[in-house]
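One structure is given here, and the rest of the page talks about it.
The values are calculated or read from the model by the stated rules, or taken from the named source; none is laboratory data. Quick caveat, the model's predicted, so the values are computed rather than measured. Here the Cβ positions follow ideal geometry from the backbone for every residue, glycine too, while neighbour counts run over all protein chains shown. In case anyone asks, the SASA skips ligands and DNA or RNA and just uses the protein heavy atoms, side chains included. Shrake-Rupley method; radii C 1.70, N 1.55, O 1.52, S 1.80 Å.
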Amino acid sequence: MLPSFIRPNANLAFYALFAVAASGFGQTFFVSIFGSALRSEFQLSNAQYGATYSGATLASAALLLVCGGLVDRWPLRRITALAVTLLAAACLLLAAAQSGWMLLPGFFLLRFFGQGFMTHLGMTTAGRYFSDNRGKVIALAALGFPLAEALLPSAGAQLIHWSGWRSAWVAAAIVLLLVVLPGLLLLARTPTHGSAASATTFGRDDDFTRAQVLRDPGFYLLLPAALMTPFVVTAVLFHQGAIGDSRGWSLTLMAGAFGGYAAGHLLMLFLAGGLVDRFGAQRSLPLALLPMVAGLLLLALCHGAWVPYAYLALLGITQAGTGTAGGALWPERYGSRHLGAIRSLSQAAMVLSTAVSPLLAGVLLDGGISVSALAGSLAGLVLLCALLALMARPQRRADREGNAV
């Protein structure tokens, strides 16, 4: 029996879940398993490979600002077909790469249609078609991330071991075209105007446009809090090797500690939706950052072998909490009529932050900053962003032409 909170548009709730899971084909946790093979095949240094990947990610963030609004204007089935088909094309382009430069367009398509657009599609659908239980539905959609993390890297690694990296990319394209695309098209049935299920789907006449959002000072107080989790988590996870070396933690210990991260993330997802629905996304967002502050302070101040388990679990809790609150924040504050265009702002900024933070943390570590200093600085930055978010007043439709904060 289906949960009551998804019953009005159950197919769209599962669409959001599977779209987010399908974004895994373009997420770093999947692409990273190909790193050694690609560097070896095309004789690329770590810096060259990293620059190619970061450049493609930055370009995808810029394009998402331009194309994110298509979700508001195109039928869901059409935009889904385009996104999944071109994500599969990215996999085939990488499989056929004969020189290092061909990785750039392949990575660009992969990051744009995978990490960027499939996530954008899933979260926008969850935010648009559900109002009374939006937090719970967004938390359900966010389960797509741990689902993909559990399945894709291990399956891809086995394929690389058995038949090589090119075959693994071909297999990914086949799965996208023969499994993901038909499944999402089957689920992408949207309610029509006038139906009971569409009462809040198409928005109100006084919902904000993207231009009006950009004139709202409160947007700039809330956006840093929404970006802190991907910014910090990407930087910390990307440099786990350097952190472990600095503290004398073995690779086995660090790998096992990811179980704490996954557990914190998954367990909090089951609670975050109800909390957001009860207290509101804007109030929940800064509070959800506090476990991350505690985890970073643990990393800064403590050196025991238990620390990786504890601080990564706290980061996982914040990952779930801010992901749910951040997904519900924009439709709660600005309405759903132009949600695709509005979410593309935060999604593009998120992609940009995940491209910048590993580079910035790497430069600081190479420059001699200690892990304790880096973690303490990040904790202070996260706390500052939480305080900024608390300064943003709840938005009222009547404020859209004004300067309410």
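The table for this structure:
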| item | result |
| --- | --- |
| Subset tally (residues that are modelled with pLDDT under 85 and within 14 Å of the chain's Cα centre (by Cα)) for region 20-56 | 2 |
| Residue among GLY241, GLY327, GLY295, GLY274 that is surrounded by 16 or more Cβ atoms within 10 Å (Cβ to Cβ) and at pLDDT below 90 | GLY327 |
| Filter pass, ALA257 being farther than 29 Å from LEU58 by Cα, in a helix (DSSP H, G or I) and either β-branched (Val, Ile, Thr) or open to solvent by less than 30 Å² (accessible area, probe 1.4 Å) (or both) | yes |
| Scan of region 220-240 for residues that are more than 19 Å from the chain's Cα centre (by Cα) and without any contact (Cβ under 8 Å) to a residue 40 or more places away in the chain, ordered by number | TYR220, GLN240 |
| Condition check for MET123: part of a helix (DSSP H, G or I), open to solvent by less than 30 Å² (accessible area, probe 1.4 Å) and out of contact with any strand residue (DSSP E or B) (no Cβ under 9 Å at 6 or more places or on another chain) | yes |
| The one condition in (1) open to solvent by less than 50 Å² (accessible area, probe 1.4 Å); (2) within 20 Å of the chain's Cα centre (by Cα) that LEU65 fails to fulfil | (1) |
| Hits in region 297-306 - residues which are in contact with a Phe, Trp or Tyr (Cβ under 8 Å, 6 or more places away or on another chain) and touching a residue at least 24 places away in the same chain (Cβ under 8 Å) | LEU299, ALA305 |
| Matching option when the condition is surrounded by 22 or more Cβ atoms within 10 Å (Cβ to Cβ), farther than 19 Å from SER32 by Cβ and in contact with a Cys (Cβ under 8 Å, 6 or more places away or on another chain), among PHE117, PHE130 | PHE117 |
| Check on ALA155, in a helix (DSSP H, G or I), farther than 30 Å from GLU332 by Cβ and touching a Phe, Trp or Tyr at 6+ places or on another chain (Cβ under 6 Å) | no |
| Sole exception among (1) assigned to a helix (DSSP H, G or I); (2) within 22 Å of PRO153 (Cα to Cα) for ALA97, by number | (1) |
| Total residues in region 211-220, condition open to solvent by less than 30 Å² (accessible area, probe 1.4 Å) and not polar (S, T, N, Q) | 4 |
| Lone unmet requirement of (1) within 23 Å of the chain's Cα centre (by Cα); (2) under 22 Å from MET254 (Cα atoms); (3) not acidic (Asp, Glu) for GLY340 | (2) |
| Subset of region 280-290 [surrounded by fewer than 22 Cβ atoms within 10 Å (Cβ to Cβ), in contact with a helix residue (DSSP H, G or I) (Cβ under 8 Å, 6 or more places away or on another chain) and not small (Gly, Ala, Ser)] | LEU287, LEU290 |
| Elements of type helices (runs of 4 or more DSSP H) in region 1-55, at least 2 residues being free of Cβ contacts under 8 Å to residues at least 60 places away in the same chain and farther than 19 Å from PHE108 by Cβ | 35-42 |
| Failed criterion for TRP101 (all others in (1) among the aromatic types (Phe, Trp, Tyr); (2) without any contact (Cβ under 8 Å) to a residue 12 or more places away in the chain; (3) within 20 Å of ALA61 (Cβ to Cβ) hold) | (3) |
| Test: residue in region 233-252 that is touching a Lys or Arg at 6+ places or on another chain (Cβ under 6 Å) and polar (S, T, N, Q) | no |
| Unique residue being out of contact with any Gly (no Cβ under 6 Å at 6 or more places or on another chain), modelled with pLDDT of 85 or more and either surrounded by fewer than 21 Cβ atoms within 10 Å (Cβ to Cβ) or not hydrophobic (A, V, I, L, M, F, W, C) (or both) when the list is SER372, SER357 | SER372 |
